[in-house]
Amino acid sequence: MSRRVRSRDTGRRFWTRLATTSPLPQLRLLFSIIAPVTALLLFIDWRHASFEVAIGVHALLTLTFLPTLAAASFARMSARDRLLLRGGGQRSMNAYPGVERILNTLDERRVRERVRISSAALGTAALTSLWNLDSGPTLASILLGATVSLGLVCALNSFRLESSMPMRSNSFPLLSLHAPTLHDSALDRVMTDLLVAHLDPETAGAWDVWMKSLAGDVRSDQSAASAVEHLLQALHLNHLGLLDENGLLSETKRVFKVSAIDGLISNHSIFNISALRRLLAHTRAWQ
């Protein structure tokens with residue numbers, strides 16, 4: 001990755017981590033519920049209603065939306081870099097299915113983030129102006145009604161957005177955004193074909209590169225494709241409890257050279273045993 005791309009991805013990691021750090025998600029939901037209530041109490045002229053409280057809640061709500069807006073913006077930029085970058089030896093991922101859906105999903109989230117932070121900021125401004133200015137009852141009713149509506153917009157978007165946060169994983173950040181495409185009913189290598197069908201474009205591209213790199217790591221009676229299929233079958237049996245860890249290692253050594261085993265258990269390998277387990281779990285979750 002270029003320095004600019006790495007910088008954007010670092011920003012994505014920072015803002016996503018900040019946005020999901022407790023208690024910020026809980027505060028966003030809480031303030032999203034309280035904000036329209038405080039405006040509604042002012043609208044109905046409840047004698048215990050307070051402009052100071054309403055303004056404070058709306059201002060805090062606006063501040064809590066800043067990390068999520070930054071996270072959404074950096075996620076969109078990072079995803080575009082990962083999928084469409086052509087420079088620096090990288091190739092576009094447009095040949096893989098799912099690129100447009102991923103970008104459209106992130107675009108929609110960024111728009112929703114902008115809508116809810118704008119609604120909260122406008123609500124804060126409206127309440128502050130009513131508190132400081134001597135407005136008539138008609139104008140006050142209009143502005144308070146608008147503030148209640150803006151608060152409801154915040155609440156609805158918060159319930160939608162806070163249910164998930166995209167690109168939280170650093171290993172496979174786009175995987176959660178990918179909707180698997182249809183695959184052939186007659187599969188050549190069942191486990192491999194199913195797993196690949198559930199990979200996002202970036203991971204699918206890395207998978208193709210990884211498969212090519214295995215040519216010299218498999219035993220003479222195996223191809224890279226057959227060795228990986230055998231390994232995935234062994235991992236699935238291990239998940240079902242039909243094969244223990246020693247058996248898994250033995251099955252791996254049957255198809256891979258001993259020199260390649262270190263790469264399969266190394267944390268520096270993108271498709272190590274642990275990563276393959278996560279990808280299989282992701283595949284099973286879609287079945």
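Only helical DSSP H runs with n ≥ 4 go in: add -39500 (n - 2.57) per run for the chain, normalise by residue count and round the 222 nm mean residue ellipticity to 500 deg cm²/dmol.
-23500 deg cm²/dmol
If you rank Arg17, Arg116 by fewest surrounding Cβ atoms within 10 Å, what's the result?
Arg17, Arg116
Just to be sure I understand the model, the point goes 7 Å from the Cα along the line to the Cβ. What's the resulting Val37 to Ala125 distance in nm?
Simple spin-label model gives 2.7 nm for this pair.
What distance in nm separates the simple spin-label points at Leu240 and Thr10, each placed 7 Å from Cα in the Cβ direction?
So the label points at Leu240 and Thr10 sit 4.7 nm apart.
Show me the ranking of peptides 139-150, 63-74, 158-169 by mean Cβ neighbours inside 10 Å, starting with the highest.
Those peptides, ordered most packed to least, come out 63-74, 139-150, 158-169.
Among His178, His230, His58, what is the fewest-to-most ranking by other Cβ atoms within 10 Å?
Result, fewest neighbours first: His230, His178, His58.
Sorted by average packing, counted as other Cβ atoms within 10 angstrom per residue and highest first, what order do 255-264, 102-111, 32-41 take?
Top to bottom by mean Cβ count within 10 Å: 32-41, 102-111, 255-264.
Could you pull out every residue, at least 5 positions away or on a different chain, whose amide H is within less than 5 Å of the one on Phe256? Hs are placed 1.01 Å off N in the peptide plane, and Pro or chain starts have none.
For Phe256, the qualifying residues are Arg219.
Once phi is turned into ³J(HN,Hα) by the Karplus curve 6.51 cos²θ - 1.76 cosθ + 1.60 with θ = phi - 60°, what whole-Hz value does each residue of region 220-235 show in order, with x for glycine and proline?
Couplings: 4, 8, 10, 9, 4, 5, 5, 5, 5, 4, 5, 5, 5, 5, 5, 5 Hz.
Could you state, as a whole-number percent, how many of the C-alpha pairs of the chain are farther apart than 32 Å?
44 percent
If I fit a long axis through the Cα atoms of helix 51-84 and take the longest principal axis of the Cα atoms of the chain, what angle between them do I get, 0 to 90°, rounded to 10?
Tilt relative to the chain: about 30 degrees.
If amide hydrogens are placed 1.01 Å from N in the peptide plane, which non-local residues have theirs closer than 5 Å to the one on Leu243?
Asn238
Could you tell me which of Phe65, Leu199, Met165 has its Cα farthest along the dipole of the chain towards the positive end, charges placed at Cβ (Lys, Arg +1; Asp, Glu -1), taken about the Cα centre?
Phe65
FYI, it's all coordinate maths here, none of it is from the lab. Computed from a predicted structure; not experimentally measured. Reconstructed Cβ throughout: ideal geometry from the backbone, glycine too, with neighbour counts over all protein chains shown.
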